[in-house]
Structure formats: C-alpha cells, structure tokens
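The structure appears right after this line, and notes come after that.
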2 protein chains.
Amino acid sequence: MAKGLSEREKLILSAVIATYINGAEPVGSRTISKLKSVNVSPATIRNVMSDLEEMGYLSQPHVSAGRVPTPQGLRFYVESILEVRELDERAKASIRAGFQGRQELEVREVLKTTGRLLSAASQQAAVVSSPNPEQEVFRRMEFVLLRPGLILVVLVAKSGGVQNRIIEAEAELGQEDLDKFTRYLNELLADLTLNEVRERLEREMAREKVRFDRVLGRALRLGQQALPWGESGDVFVEGRTNLLGAPEFSDMARLKAIFEAFEERSTLLRLLERSLSAPGVQILMGVEAEVAGLAGLTAVTASYGGDDQPAGALGVIGPARMDYSKIIPIVDYTARLVSQILGARD
Amino acid sequence: MAKGLSEREKLILSAVIATYINGAEPVGSRTISKLKSVNVSPATIRNVMSDLEEMGYLSQPHVSAGRVPTPQGLRFYVESILEVRELDERAKASIRAGFQGRQELEVREVLKTTGRLLSAASQQAAVVSSPNPEQEVFRRMEFVLLRPGLILVVLVAKSGGVQNRIIEAEAELGQEDLDKFTRYLNELLADLTLNEVRERLEREMAREKVRFDRVLGRALRLGQQALPWGESGDVFVEGRTNLLGAPEFSDMARLKAIFEAFEERSTLLRLLERSLSAPGVQILMGVEAEVAGLAGLTAVTASYGGDDQPAGALGVIGPARMDYSKIIPIVDYTARLVSQILGARD
DNA sequence: CTCTGGCACTCATTGTTTGCAAGTGCTGAC
DNA sequence: GTCAGCACTTGCAAACAATGAGTGCCAGAG
C-alpha cells in the first residue's frame, strides 16, 4: 500500500482522523493548526489536505465544509499509521473483574458476560459467537423421559457447554431403557469430538445391524437424533443501545436497518466467521459489502480458543468513526481472556 | 367509573381515538365529521370535544391543534367502550402455524418463539417471562464431572425446562460418586415442586446428620447447591425494532431511554409479575409510574399456565396509541396457546 | 333546548430571504 | 516550501410572512 505519504501528511491525516473521531463533524484546517502537535499554518494544512483528498483519503461533504476521512483513509490510518499500544492495566483489571466469580458459569453465560463487558468497555455494540459445536469434545449425554414418547436429551461438552433438545421416540421406551442407553453411549463416545462422535455412531450402527442387536441399535439411533445436525452456533449481541448515542444514527430509517441487521443472527455469524481464519484482530470497514443493514459500520473482531484451531469469535461493531487505538486492544485482550477462561476447562 | 357519557360522546371519543391510533396526529373536528359513522356537523363535534376535554378525556397540544386522547381517555375507552371481538380465524391460524413443529422444543425455545410470534402479530415489542422456577416440578437432576472439583449440574423440570449450572466441590469426587448421588437424589425428590424439594433436602440433611452418613450428606449438600436460590426467572424480549417505526419515538433521547429500559430484565419482570395475580388480559397504561424509561408506553399483558396458578406472563409493549381491539385478542390467544403447549407436558 | 353555519382568532408549519461563520483555493511575497 | 491575505462558496440560523388547520363563540333555524 502507498507508503508514499510524507511524515507531514501522515501527521495531518492522523490529526484529522483523531479530531473527527471524537467530534463526528467535518474538520477544517484551522482546527488542525491549533493542535499543539502541529506547527504549521492553516494554509499549509489546506494544501496537504487537498493532496490527501486527491489520494482518496479524505473527502468533503460539500465545498466549504471541513474534511472527513474516507473509508480508505481510515483503513490506511489503521493499518499504516496507528500504533496499537498495550491496554493499560486499569482497563485490563476492569475487564477481568467482570469475569470474577463467573469462571464457574456455563459457557453461554460466560459468552453473554463477555458481550456485556466488551460493549461496556468499548461503548459500542458487541457480538460474540458461541464455539463451533463441531469441535467440541464429547463429555456426556443424558436421556430424560418427559412423558411416553418424548425424551429430553442433554449433551454436555468437555468445555462445560450444554445443549438440550427434545426428541420423539417410541412410546414404549422407559427411563430404565434410557439409562441403559446413556451408559452405553457415554462409554462408546468418551472423549471424541462431535465430528468423531458422528462417524463412530455411523460405524457402530452398521455393525449393530449385522449383529442385529435391537437394543443397542435403538440407543445409537437416539444418539444420532440428539446430535446438533448442521445447527449453526449462537450469536450473542450486547450493548446495542450504545449505538443510539452516536450522531450518525440520528436518521430513523438507517437506525431501523441497523437494528434489524442485528436481529439477523446468520449474517452476524458469517461476519464473525471471517475472523476465524486469521489470527489477531481483524478490522472490517464499511461492512456494507457483506451485510446490507450494517452499511457504514465497522467491525473489530478477533477469534478465541486455540490460535491454531479457533473455537469462536467476538468483536465490536460501531460507526467507522471509532477510537481504534482503544478498541483494538480491548477486543484483543478480551479474546485472550475468554480463550483462557474457556481453555481452563479442557 | 363515570358511565355518564352520552351515546354521542362515546361515539365521538371512539372516533377521535380510532383516528388518532392510526394517524399519531391530533385530530380535528372536521376530520371526525367526515367519517360516515358520524352524522353531525364539525361545530357540534367541537362542542362535544370541548366537553370531553373538560372531563379529562381529551387534550390539546396547543390551542389551535386538534385533540389528542389523554391516558385517562384511553383507559376509559378500553374499559368502557371498546368491545373486544374474538380474534379472527386467519390470525389465529397464523399464530398457531408459528408453533408448528415447535412443540418438541425446550421451554426456553418455546418462549422465545412466543415472543417472536407475538411481536410479529402485534407489530410491537413483545416480552415473555419464563415460568416461575418455584412452581416447576422436579423431574431429574444430573451431575457431570467436568474436571476435578468442577461439576455441571443439570436440573430438569417436568415441563421440559432445563437449568444448567456449574458448581465447585471437593476435588476427590469422581464421576462414579456423582452417579450414585444422582440415583439417590432422583429417587428422593421425584415429583416434588422445587419448593418441596428444598424442604425435603433440609429435612433429610438434618436426618443424615444424625445418622452421620457422609456420602448421602454430601449428595444432599450438592443437591442444595444446585438449586436455583432466589434466582429470578428470565425475560425474553423480541421485536423491539417494531417500535422504531412509530413517529412518537423520533426523539433520540427518549428512544435511548426506552431501549435501556428493555435491557433492565428485573423491571420488565416486575411489570409482568403484576399480571400474574389477575386472570385475563391486563392493560397497564403509561407505565411511567413503575418503570422510568417506559414512560408513555402501554403494556398489554396476560398470564399463562393454569388460571389458578399461573406460571409466567407475556405481553406486548408499545406506544399508548396502539390498536387495542387487535392487540388484546392477540395477547389473549397467544397466552392460551402457550398454556396449552406447555401444559401438554405435565 | 339542540344543532349548525359563519366568522374572527390563534398558532404551528412552511417557505423565503438575509446575514453570518466556517472553510476552501488561489495568489503573491518571503 | 511556507504562509498571510483575500475572494468565493456554502451550510445554517434567525427573521419574517404566508398558509392553513383548527378552535370558540354567536346567532339563527329547527
């Protein structure tokens, strides 16, 4: 990317962006010249700004307004100029504190808490996806008879994640049968990933068919019914109200579109999945290409879980105009923390 | 309540309210006089309106604007004039259809679906509270060892409701011990309500102390830890975006207050709890007294579960200006439907 | 006694004009 | 290359008039 910016140009681009970030208004040359880090006259700044505009990093809403960074300008700023400092200890402590006493919670609760902390720390909306069920390691499966023909299955992963579902079955099965099934399946499937569980069930069913063992066959069939087949994971969204303050969302129609986009779990999920492939913090600017309603917003995301095999992802969504130098380390730190908390369970 | 309204006054009050409901704007005498159900001149209507204003049922935003119903006017209308017709079969069918194939879902899923259907049918925000855990009937309890000292407890109610939590325990407990506990407790607690479970556990603990049986004592202690102590139920909120369309929420600050109020589960819960005591549909107008952020909104709620012993409540929250003749039967029908679906499991 | 047409009056709203402030681009001097 | 100065553009706010919706009241008809 065009490293061809002079130090002065970088300085002024940063200044414009920084000022824009906490003002949400076009910034003019005079404003910049008054900053103490800048020691040139407004006229000079105008010249530089004009150059930057030609390069596509700034733009003017109208002729006699100040400049506003373009998405491209922001991207360049984030990638080439911004230096991400470590999160200061106080902020870290405050995030950690939010998890205090929560280590013993169920995975879903941990992720919800994560969302809350993330949105509180960033003052933006936060999204957290639940771990990919395919990678979970089987811990235990339990059948509970609710009434004849209706069975509650509880599937526990090693991470502490729990999935419940209710399935139908032959009416004559009693709780004792189910207990037998439970013991059999738990033995058979111990310590496999869900993918392996699936395979193992298939294999065993083929085998049982040969041996013609009715009881075990039934158990295996129930086991199969209980698995989450191609079910996509959950997404937790927290802190949407943080977006309501921002002046760029004073337009009702737009706001509505944004909130509706947040209801669409599947698109959010796809958005988060993008950051599973790469390590570290990812920044998606102007999410417009992907998600209709989120046009003009920016997502800062990171994956959690193992670096090699990430389980899920989390992130922050807000106006393109957000304080990246603060938010990037927040997302980064939170992702590490979540990895650590969930990781401690394996 | 002042039944002292003449037929004509009632007619005009209804007309004003009906017009206001789908216009959101002050309505004037001429507008009313043009309705075909009204056969008097604007001047007469003005006189009547003036009387109604004196009685506190209408008010004028400013001298030369039309009239707007006051909360008192709306209340009178709903209580004394409005006749709630049965929901038409098509609307019923459409709600029922939403539950199709969902009967087998876990309680939480049923309630979430309920919220979605309710908000879709009413075009307002919907709230649904989960059944009061105290009244649930114990079905089964299961301990799963996640790692030494950390135990996942799965508590299944007869209704199919599941509660998971993770508790700490002595590190030396193995899964076999836990299985023993499970069998013992499930036997001991079968078919009790959670309240009774609590008592039973206390009693048994006192007894075991005398008998000094370490193992069973431990089991009982674990059982106690697993119970939801004074945990308030969940509230599901759906369809908040429906509120974004309404013109009365174009004010940003107000909107923010409203959305923040929706985040406050406990206040919503308190709101819903009010309708547990009375049967049928309840209407809370201008929820302001109770919940700060929801000022000027109206809640239409009903309880579900048994009539004598309601389990939870659900409702719709929207601007005071909502189509009560449509919404009341929707809430009513949905509540019955949910009662039926969840009831079928006992 | 009730209803209604007519009329004067009140105000929010809308459109227009005008002045102001912010900001730019350009030019010419250092 | 830097910068002061100046002419020019444009959004925005204030001021003002015109518009129109709606009311209250009065006097006359039924």
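A few notes on this one:
- Hey, A:Val197 assigned to a helix (DSSP H, G or I), assigned by TED's automatic domain parsing to the domain that holds A:Val144, touching a residue at least 40 places away in the same chain (Cβ under 8 Å) and among the aliphatic types (A, V, I, L, M) or not: yes
- Filter pass, B:Thr267 being within 22 Å of A:Asn242 (Cα to Cα), among the hydroxyl-bearing types (Ser, Thr, Tyr) and touching a helix residue (DSSP H, G or I) at 6+ places or on another chain (Cβ under 8 Å): yes
- Among the conditions (1) charged (D, E, K, R); (2) surrounded by 15 or more Cβ atoms within 10 Å (Cβ to Cβ); (3) within 13 Å of DNA strand D (Cβ to nearest atom), the only one that A:Glu7 does not satisfy is (2).
- Hits in the range B:232-241 - residues which are facing chain A (nearest Cβ under 10 Å), open to solvent by less than 20 Å² (accessible area, probe 1.4 Å) and in contact with a strand residue (DSSP E or B) (Cβ under 8 Å, 6 or more places away or on another chain): B:Gly239
- Residues of the range A:314-336 that are in contact with a Gly (Cβ under 9 Å, 6 or more places away or on another chain) and under 24 Å from A:Thr193 (Cβ atoms): A:Leu314, A:Ala335.
- Inter-residue pairs, beta-carbon under 8 Å, first over 11 Å from B:Tyr324 (Cβ atoms) and in the range B:63-91, second within 16 Å of DNA strand C (Cβ to nearest atom) and open to solvent by 90 Å² or more (accessible area, probe 1.4 Å), 6+ apart: B:Gly66/B:Glu25
Table: residues versus (1) closer than 24 Å to A:Pro319 by Cβ; (2) open to solvent by 30 Å² or more (accessible area, probe 1.4 Å).
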residue	(1), (2)
A:Ile17	yes, no
A:Lys36	no, yes
A:Ala43	no, yes
A:Val68	yes, no
A:Gln72	yes, yes
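- Among the candidates B:Ala120, B:Ala126, residue that is among the small types (Gly, Ala, Ser), more than 11 Å from chain A (Cβ to nearest Cβ) and outside any strand (DSSP E or B): B:Ala120
- Test: residue in the range A:183-206 that is within 14 Å of chain B (Cβ to nearest Cβ) and of a type in the set (S, T, N, Q): yes
- Residue within the range A:273-290 that is outside any strand (DSSP E or B), within 14 Å of chain B (Cβ to nearest Cβ) and open to solvent by 20 Å² or more (accessible area, probe 1.4 Å) present: no
- Given (1) open to solvent by less than 30 Å² (accessible area, probe 1.4 Å); (2) more than 26 Å from A:Val300 (Cα to Cα), index of the condition A:Val63 fails: (1)
- Restricting the first member to the range A:242-257 and to residues that are more than 8 Å from every other protein chain (Cβ to nearest Cβ), and the second to residues that are open to solvent by 60 Å² or more (accessible area, probe 1.4 Å) and of a type outside the set (Gly, Ala, Ser), the beta-carbon pairs closer than 9 Å and six or more apart or on different chains are A:Asn242/A:Gln123; A:Pro247/A:Glu25; A:Glu248/A:Arg254.
- The helices (runs of 4 or more DSSP H) located wholly in the range B:1-76 that include 1 or more residues which are in contact with a helix residue (DSSP H, G or I) (Cβ under 6 Å, 6 or more places away or on another chain) and within 14 Å of DNA strand C (Cβ to nearest atom) occupy B:7-21, B:29-34, B:42-54.
- All told, B:Phe262 meets the bar of being within 14 Å of chain A (Cβ to nearest Cβ), under 30 Å from B:Ala320 (Cα atoms), within 13 Å of the chain's Cα centre (by Cα) and in a helix (DSSP H, G or I).
- Members of the range A:141-180 found to be touching a residue at least 60 places away in the same chain (Cβ under 8 Å), open to solvent by less than 10 Å² (accessible area, probe 1.4 Å) and more than 9 Å from chain B (Cβ to nearest Cβ), listed by number: A:Met141, A:Phe143, A:Ile151, A:Val153
- Residue under evaluation A:Asn164, criteria (1) at pLDDT 90 or above; (2) over 26 Å from A:Ser275 (Cα atoms), criterion not met: (1)
- Exclusive hit being farther than 15 Å from A:Val84 by Cα, out of contact with any Pro (no Cβ under 8 Å at 6 or more places or on another chain), touching a residue at least 24 places away in the same chain (Cβ under 8 Å) and not assigned by TED's automatic domain parsing to the domain that holds A:Tyr20, set A:Gly286, A:Gly305, A:Gly318, A:Gly296: A:Gly318
- Options B:Ala15, B:Ala43; residue that is free of Cβ contacts under 8 Å to residues at least 60 places away in the same chain, outside the structural domain of B:Tyr324 (by TED's automatic domain parsing) and touching a Leu at 6+ places or on another chain (Cβ under 8 Å): B:Ala15
- Selection count where residues are assigned to a helix (DSSP H, G or I) and open to solvent by 20 Å² or more (accessible area, probe 1.4 Å), scope the range A:85-97: 8
- Check on B:Ile12, away from DNA strand D (no atom under 12 Å from the Cβ), away from every other protein chain (no Cβ under 14 Å) and either closer than 29 Å to B:Gly280 by Cβ or over 29 Å from the mean Cα position of the chain (by Cα) (or both): no
- Boolean, B:Leu82 is surrounded by 22 or more Cβ atoms within 10 Å (Cβ to Cβ), within 23 Å of the chain's Cα centre (by Cα) and away from DNA strand D (no atom under 16 Å from the Cβ): no
The values are calculated or read from the model by the stated rules, or taken from the named source; none is laboratory data. In this text, all values refer to a predicted model and were calculated from it rather than measured experimentally. Backbone-built Cβ (ideal geometry, glycine too); neighbour counts: all protein chains shown. Calculation scope for accessible area: heavy atoms of the full protein, side chains included, ligands and nucleic acids excluded. Shrake-Rupley method; radii C 1.70, N 1.55, O 1.52, S 1.80 Å.
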